[in-house]
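Asks: Starting off with a structure, shown below.
The values are calculated or read from the model by the stated rules, or taken from the named source; none is laboratory data. Everything quoted here is computed from the prediction, not taken from an experiment. Positions of Cβ are backbone-derived with ideal geometry, glycine not excepted, and every protein chain shown enters the neighbour counts.
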Amino acid sequence: MIRTNRFFQRTATALLLAAFAMIAAQPAYAGTMPGNGEITIVSPLSFVIDDNLDFGTIVRGTTAGTVTVTPTGTRTQTGGVTLINGGGHKPALFAGQGTFLQRVEISLGASSISLTGPGAPMQVRDFVLGSTPTAVLTTTPLSFRIAALNGVFSFPVGATLDVGANQAPGVYSGNWSITLNYF
């Protein structure tokens with residue numbers, strides 16, 4: 001007959017229960033990620049850019065082509081350009097504040113700009129204001145009225161990019177300006 005030590009059984013059982021309790025009581029793993037907060041405060045009769053115009057990511061072709069981003073965010077291409085889905089494209093978005101029914105004139109600083117990068121410059125042209133109906137922005141001011149009772153307004157701007165044949169890969173950027181006059 002085999003004799004077991006009751007003390008040993010109790011001790012082993014207690015140790016096993018303690019081990020299971022320690023395993024079951026492991027804390028959940030958590031991570032910490034930094035976040036950013038940002039706000040822009042503007043004075044009345046001013047405006048700011050909320051988003052920059054971005055044509056997204058494309059694949060160059062052996063023939064020239066164009067990429068157009070509309071004020072609604074739709075992106076199309078012509079010629080030898082291939083669009084990459086999810087390429088981060090978006091129209092520019094401006095916002096400001098005036099007063100209800102105040103007249104505002106909007107104009108471009110130049111009718112086209114150049115984006116520069118590692119290859120030949122590319123031209124951005126045919127800027128379109130996302131109004132109802134849409135309007136082509138030029139250096140000649142367009143007149144609008146602020147329709148919101150609180151005077152807050154925003155407007156998107158799209159444009160067309162001319163891409164050269166065999167355009168060198170890389171990041172291209174350029175600056176453009178919009179002028180608002182409140183009356």
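Asks: So residue 123 clears everything in (1) within 19 Å of residue 174 (Cα to Cα); (2) in a strand (DSSP E or B); (3) in contact with a Pro (Cβ under 8 Å, 6 or more places away or on another chain) except one condition, right? Which one?
Replies: Of (1) within 19 Å of residue 174 (Cα to Cα); (2) in a strand (DSSP E or B); (3) in contact with a Pro (Cβ under 8 Å, 6 or more places away or on another chain), only one is false for residue 123: (3).
Asks: Exactly one condition in (1) over 30 Å from residue 41 (Cβ atoms); (2) modelled with pLDDT of 95 or more; (3) surrounded by fewer than 19 Cβ atoms within 10 Å (Cβ to Cβ); (4) not basic (Lys, Arg) is not met by residue 85; state its number.
Replies: Every condition holds for residue 85 apart from (2).
Asks: Of all residues in the range 164-183 being buried (at least 16 other Cβ atoms within 10 Å of the Cβ) and of a type in the set (A, V, I, L, M), which is nearest to residue 113 (Cα to Cα)?
Replies: 178
Asks: Further question: Has the range 95-107 got any residue that is assigned to a strand (DSSP E or B), surrounded by 15 or more Cβ atoms within 10 Å (Cβ to Cβ) and touching an Asp or Glu at 6+ places or on another chain (Cβ under 6 Å)?
Replies: yes
Asks: Which condition number in (1) over 23 Å from residue 175 (Cβ atoms); (2) modelled with pLDDT of 90 or more is the one that residue 71 fails?
Replies: Of everything listed in (1) over 23 Å from residue 175 (Cβ atoms); (2) modelled with pLDDT of 90 or more, residue 71 misses just condition (1).
Asks: Separate question: Against the definition (assigned to a loop (DSSP other than H, G, I, E, B), modelled with pLDDT of 95 or more and not charged (D, E, K, R)), how does residue 62 come out, yes or no?
Replies: Taking the combined requirement at face value, the residue satisfies it.
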